[in-house]
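Encoded as structure tokens, the structure appears first; notes follow it.
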Amino acid sequence: MQNSILSAYLNLITFCDLILRNVKSPHIEEFAKSTELVLSYIGQNTLLFFESLEEVFADIKEELDVQRVIIAQPYQ
């Protein structure tokens with residue numbers, strides 16, 4: 001399950017990164033930092049300082065919301 005989530009997320013962020021670069025988004029760095037954090041959670045590469053799994057999921061959701069806002073910007 002973890003591998004399929006990781007694979008799907010990598011495909012998605014790769015596509016989103018291409019779009020952001022194509023439109024010369026000023027938010028590419030912010031997007032990259034956010035995706036790295038989510039990748040570290042999915043890959044369990046981060047020492048977590050949360051008291052519960054719900055807090056981890058809430059943090060992941062927060063980062064995904066940041067990514068969604070960046071991607072949903074009206075670029076020209």
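The values are calculated or read from the model by the stated rules, or taken from the named source; none is laboratory data. Since we're looking at a predicted model, the values are computed, not measured. Don't worry about glycine lacking a Cβ; one is built from the backbone with ideal geometry, like all the others, and counts go over all protein chains shown. For accessibility, only protein heavy atoms count, side chains too; no ligands or nucleic acids. Shrake-Rupley method; radii C 1.70, N 1.55, O 1.52, S 1.80 Å.
The sum of -39500 (n - 2.57) across all DSSP H runs of n ≥ 4, divided by the residue count of the chain, sets its helix-only mean residue ellipticity at 222 nm to -24500 deg cm²/dmol.
At a 1.4 Å probe, what is the % contribution of carbon and sulfur to the accessible area of the chain? The nonpolar share, carbon plus sulfur, comes to 59 percent. With N counted as the residues of the chain, its alpha-carbon radius of gyration over 2.2 N^0.38 Å works out to 1.16.
Restricting the chain to GluC sites (Glu not before Pro) that sit in a DSSP loop and have at most 10 other Cβ atoms within 10 Å of their own Cβ leaves E51.
Across the chain, the longest run free of exposed loop sites, meaning chymotrypsin sites (Phe, Trp or Tyr not before Pro) lying outside DSSP classes H, G, I, E and B with no more than 15 other Cβ atoms within 10 Å, spans 1-48. Shown here for the chain: trypsin sites (Lys or Arg not before Pro) in loop regions (DSSP other than H, G, I, E, B) with at most 14 other Cβ atoms within 10 Å, namely K24. The magnitude of the dipole of the chain, with charges of +1 and -1 set on the Cβ of Lys/Arg and Asp/Glu and taken from the Cα centre, is near 440 debye. Per residue, the chain exposes an accessible area of 75 Å² to a 1.4 Å probe, with every protein chain left in place.
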